[in-house]
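For reference, the structure discussed in these notes is given below.
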Amino acid sequence: MTMTRVAVVTGGSRGIGSAICKALQAEGRTVIANYAGNDARALAFAEETGIKVHRWDVGDHEATIENCARIAQDVGPIDIVVNNAGVTRDGVLHKMSFEDWNEVMRINLGGCFNMAKATFPGMRERGWGRIVNIGSINGQAGQYGQVNYAAAKSGIHGFTKALAQEGAKFGVTVNAIAPGYIDTDMVAAVPAPVLEKIVAKIPVGRLGQAEEIARGVVFLTSEAGGFVTGSTMSINGGQHMY
């Protein structure tokens, strides 16, 4: 009989994060969903699922340390972290402001560092832990108009490989998932003609579902996933084979 493990999912109240939270809850995990600002959406998610929500900016180092300490005190030590929170500030380089660059790096990549600083030492001490970082197909292949996002997501893949080496002998695995184009609100906002062109480039001929990313997270955070570390799982319908 395994004990109930506490999982924190950043950006957990909607989209891929929401699907991950529900899938981990279904596996018997005690799940906490972090969110950044949409109180109405987070409240609706909490009421629908019974999953507790905590609001803070994962790009804020002190706020992340404080909130993770509070969760550990109130709910129990954090054994599973899914770094899913991310933002986009797209634009070609010659029009991109430093603020657009910095905000994406601060949240998407900095959030991974902040969450690891808050939880990795405890995982190491207890001899068990699972960290899954959500990268992107665009961090592997690049994407026009996304030097900030592609750099941050590519950085996540490197961060994953390095931290995996530090955690391995302590029973802490660190992996990444690189989703392709997933049927979320963000992708639904893409104009139909553009979306058709995107789907035409996906060998399986459709967008992915958030639940398909969540199933990857469930495996990587399970006891069965203990021999997988430092890996990037591409879930992209064959669009980029890496």
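The values are calculated or read from the model by the stated rules, or taken from the named source; none is laboratory data. Model, not experiment: these values are computed from the prediction. Reconstructed Cβ throughout: ideal geometry from the backbone, glycine too, with neighbour counts over all protein chains shown.
Contact map, the stretch 182-202: residues that are in contact (Cβ under 8 Å) with a residue 40 or more places away in the chain paired with residues that are assigned to a loop (DSSP other than H, G, I, E, B) and of a type in the set (Ser, Thr, Tyr), Cβ distance under 9 Å, separation 6+ or inter-chain. Pairs shown: Met186/Thr88.
Of the residues Ile134, Ile156, which single one is at pLDDT 95 or above, within 24 Å of Gln25 (Cβ to Cβ) and buried (at least 20 other Cβ atoms within 10 Å of the Cβ)? One residue alone meets the criteria, Ile134.
Of everything in the stretch 37-54 that's among the charged types (D, E, K, R) and surrounded by 13 or more Cβ atoms within 10 Å (Cβ to Cβ), which residue is modelled with the lowest pLDDT? It comes out as Arg41.
For the stretch 64-91, filtering for residues that are over 18 Å from the mean Cα position of the chain (by Cα), more than 28 Å from Gly226 (Cα to Cα) and not acidic (Asp, Glu) leaves 1.
Residue pairs whose Cβ atoms lie under 6 Å apart, separated by 6 or more positions or on different chains, with the first residue in the stretch 16-31 and at negative phi and the second β-branched (Val, Ile, Thr) and assigned to a helix (DSSP H, G or I), are Ile16/Ile213; Ile20/Val217; Ala23/Val218; Glu27/Val218.
In the stretch 4-15, the condition of being over 21 Å from Arg130 (Cβ atoms) and either touching a Pro at 6+ places or on another chain (Cβ under 7 Å) or free of Cβ contacts under 8 Å to residues at least 40 places away in the same chain (or both) is met by no residue. None of Gly237, Gly208 is modelled with pLDDT of 95 or more and either out of contact with any Gly (no Cβ under 8 Å at 6 or more places or on another chain) or within 21 Å of Thr10 (Cβ to Cβ) (or both) except Gly208. Taken over the stretch 174-205, residues that are over 20 Å from Gln140 (Cβ atoms) and exposed (fewer than 13 other Cβ atoms within 10 Å of the Cβ) amount to 9.
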